[in-house]
Amino acid sequence: MANNNNGKTNTPSEKVPIRRIQLGLIIAIGGFFIFLVGAKPELFLLDRSPVVGFIQIAVMLIGLAFICLGGYLSLVGLWKGQQISIAGEIGTRLISTGYVIAVFAGLADIFGLGSHPTPEFIPYFGEWQARGVQIAEAFIAIGMLMMLPYSRNPLFRGQKQSEEHSKN
């Protein structure tokens, strides 16, 4: 057990799982590059079509899945093996819900819910689908912010007054 600057000893449960956080960040960054290949393939000289088609949407959603997974793993690692707060649990659900919204918004034409159903038109990523995915990404971002361990951060703790200050 190591001493920290307050003279308290760190138990093994309080140790930050650096490897888990690193793995989560690597997965999230890899997912971001996959997301970029789907969203802007011309950055990688892979653009073959003037519209965003099914394959690009699928690659973009796979990249978003890796971003969500990597972010989740990293944020759970910040809790240092302790139980996640209620806000963190709600954040986990928001991340999952945001991803489901992104999948259904992105693949609306494939599911027959969009303005360009598959049998009559070639499905492509339209303006409303883009807005749906953006709203879903906002849900994911809010969920990740809710998963941060604010209660463990000294910046967000209220100052405890000692008995000496309260007597004076």
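The values are calculated or read from the model by the stated rules, or taken from the named source; none is laboratory data. These figures come from a predicted structure and were not determined experimentally. Cβ placement follows ideal geometry from the backbone for every residue including glycine, while neighbour counts extend to all protein chains displayed. The protein model used for the area step is the full one, side chains on, heavy atoms only, and it has no ligands, DNA or RNA in it. Shrake-Rupley method; radii C 1.70, N 1.55, O 1.52, S 1.80 Å.
Side notes on the structure shown:
- Filter pass, SER96 being more than 20 Å from PHE33 (Cβ to Cβ), open to solvent by 50 Å² or more (accessible area, probe 1.4 Å), at pLDDT 85 or above and among the hydroxyl-bearing types (Ser, Thr, Tyr): yes
- Near pairs, Cβ below 8 angstrom, 6+ apart or cross-chain, from segment 65-80 (of a type in the set (Val, Ile, Thr) and surrounded by fewer than 21 Cβ atoms within 10 Å (Cβ to Cβ)) to any residue that is modelled with pLDDT under 95 and assigned to a loop (DSSP other than H, G, I, E, B): VAL76/ILE84
- Test: ILE140 is modelled with pLDDT of 95 or more and under 21 Å from GLN56 (Cβ atoms): yes
- If you check ILE29, ILE55 for being assigned to a helix (DSSP H, G or I), open to solvent by 40 Å² or more (accessible area, probe 1.4 Å), modelled with pLDDT under 90 and more than 17 Å from GLN134 (Cα to Cα), only one passes: ILE55.
- Residue list for segment 36-52, restricted to those being touching a residue at least 60 places away in the same chain (Cβ under 8 Å) and surrounded by 15 or more Cβ atoms within 10 Å (Cβ to Cβ): VAL52
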